[in-house]
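A short reminder: the numbers here are calculations on the coordinates, not readings from a lab. What you are looking at is a predicted structure, and each value in this text was computed from that prediction instead of being measured. For neighbour counting, all protein chains shown are included, and Cβ atoms are generated from backbone atoms with ideal geometry for every residue, glycine included.
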Amino acid sequence: MFCDKAISERIARHFAAVTFESLPAVTVQAARRALLDALGVMLGASGLSEDAYPYRRRAELASGPSRLLGFATRSTPELAALANGALAHALDFGDTFDAGPAHPNAALVPALMALSDADHGIGFGDLLAAMAAGSDLACRLSLAPARPFEDGGWYPPPLVNLISTAAACARLIGLDASGIRHAMGLALIQGSFPNEIKYDSGSPIRGVREGFVARAAVEAALLARAGARAFEEPLEGRAGFFALYGAGADWNILLDDLGSRFLGDEVSFKPWPSCRGTHPYIEAALSLREDAAPDAIERIEADTGPIQEMLIRPQPLKAAPSRPIEAKFSIPYTVAAALIDGTVTLATFLPERIGDAATRTLAARVVEIRNPDWGRAEAASGSLTIVLKDGSRRSGRVMQAAGHPDRPLSEAALVAKFVDCAAHAATPLASAEAAALAEKILNFPTASPAAQLAA
């Protein structure tokens, strides 16, 4: 596939030109909110995610300037990005771009923080500018393929983050457009994210995958700074990113309004720590709870489409998860927990909670009703009908889950989420201390070194 629009060059020049001063005010605020959310989720995972432990252990074998979030140890920027990146999606609580889908800040924040920690000359305003450009590109990449990435056997979220995070890292350390373009190519060399990540429901890679992305992106940027070269056209080349993974691309999606519209402004922040596809079902269950006592329920019918089927099949296994990551990707479990507890929190996915007999009994009553009209556009949609033993029915439909920009989480809700996550950190923070830290993140001076934020 050939393209005459010099896509990679135009995007690289855009990254090189982005400054904090050029960002719209709404984009600055969106980046601060995304940073708060990502740091909180990583803090929570530092205490809750056993799957992330091997990545921290690997990073602790080396010494360096970049701190491992939640701990007193430091490592090289590459390995700190690996360890912190493994935390970023481990709780499945980070932000998401529902239209993509993508998780544009999951690798971006740990990678940028690792580089900022290593260079006190990087200002916080520069970090926000790199975040804004990187999250925007991740969203654009997720929308642009001519054929869905999954149809080619690839898992989109880390795949798009690989390119966007490398470009953002290169921008952060001051590379010019040529260096940024080559950083994207050097990242491409390191990428392979097969859809087996999704199909193997028990694989821990699903939670820690962004560590690989963050490390590769940091490595690519540092190699480009050292003079390494990759490809002139990493995105549009005959065997470049889109030819390999997307069977082509809609170049207008990548280029339209580039620099004036930042799609990272349009991410959704999760109110519940589970796969985004479970959220509309959780919300529907909570809305129906007062009229449907668990012991009065005969069955629960969940409308699904092609996106949701992995969250409910095979039903017997989804109703009886054995590990937290399995519970987070289960409509039967999350719906049953919401109906029984009246909430879904980090505690919902603790090992001792997911084995609860009453929850499993109710989860076994959740059955799939395939909706032939639903496609990929309904990724954050869901519909439940609760059939009671007396024959009566209660229905709830959520076509856009809470947390979407059209139904945003308030700043107070984001701070409360940060406080809850910080309480579960490896070194837990008291509520008042965590709330004060959240306010500092939301108002951190842009002229200050970004490394001071990590401190």
(Q) Rounded to whole Å, give me the distance from the Cα center of segment 125-173 to that of segment 47-62. (A) 25 Å
Q: State the extension gain, in nm to one decimal, for the chain segment bounded by Glu309 and Asn252, taking 0.36 nm per residue of separation less the distance between their alpha-carbons.
A: 17.4 nm
Q. Structure shown: which of Lys328/Lys417; Lys198/Lys417; Lys318/Lys417; Lys270/Lys417 lie over 20 Å apart, alpha-carbon to alpha-carbon?
A. Lys198/Lys417; Lys318/Lys417
(Q) On a straight-distance basis, which aspartates and glutamates could pair with Lys389 in a cross-link, Cα separation under 17 angstrom, same-chain partners fewer than 8 positions away excluded? (A) Glu290, Asp291, Asp295, Glu298, Glu301
Q: Would you mind working out the magnitude of the charge dipole of segment 62-131 relative to its Cα centre, with +1 at each Lys and Arg C-beta and -1 at each Asp and Glu C-beta, to the nearest 20 Debye?
A: 240 debye
Q. What's the extension gain from Ala358 to Ala413 if we count 0.36 nm per residue and subtract their Cα-Cα distance?
A. 16.8 nm
Q: Rounded to the nearest 0.05, what FRET efficiency do Phe71 and Glu298 give with R0 = 45 Å and r taken as the Cβ-Cβ distance? Could you check?
A: 0.40
Q. Based on the Cβ-Cβ distance from Asp390 to Arg238, what FRET efficiency comes out when R0 is 45 Å, to the nearest 0.05?
A. 0.10
Q: Using label points projected 7 Å from each Cα along Cα→Cβ, tell me how many nm separate Lys440 and Ala146, to one decimal.
A: 5.1 nm
Q) Relative to the compact globular guide of 2.2 N^0.38 Å, what is the alpha carbon radius of gyration of segment 223-363, as a ratio? A) 1.48
Q. For the pair Gln190 and Ser260, what calculated FRET efficiency results from E = 1/(1 + (r/R0)^6), where r is the Cβ-Cβ distance and R0 = 25 Å, to the nearest 0.05?
A. 0.20
Q. Can you give the angle from 0 to 90° between the axis of helix 156-172 and the longest principal axis of the chain, with both taken from C-alpha atoms, to the nearest 10?
A. 30 degrees
(Q) With +1 assigned to the C-beta of every Lys and Arg and -1 to the C-beta of every Asp and Glu, and no other charges, what is the dipole magnitude of the chain about the Cα centre in debye, to the nearest 20? (A) 560 debye
Q. With each label point set 7 Å from Cα along the Cα-Cβ vector, what nm distance links Val367 and Val26?
A. 4.5 nm
Q) Just one of (i) 19.8; (ii) 26.7; (iii) 21.8 is mean projected area of the Cα convex hull in nm² as worked out from the coordinates here. Which one is it? A) (i)
Q. Roughly what angle does helix 108-118 make with the longest principal axis of the chain, taking Cα atoms, 0 to 90 degrees, to the nearest 10?
A. 40 degrees
Q) For the Cα atoms of the chain, what angle does the longest principal axis make with the long axis of helix 77-88, in degrees from 0 to 90, nearest 10? A) 20 degrees
Q) Stretched out fully, how many nm does the piece from Asp341 to Ala6 gain, at 0.36 nm a residue minus the Cα gap? A) 115.2 nm
**Q.** Cleavage-rule hits, trypsin sites (Lys or Arg not before Pro), segment 96-204, DSSP coil, Cβ neighbours within 10 Å at most 11
**A.** none
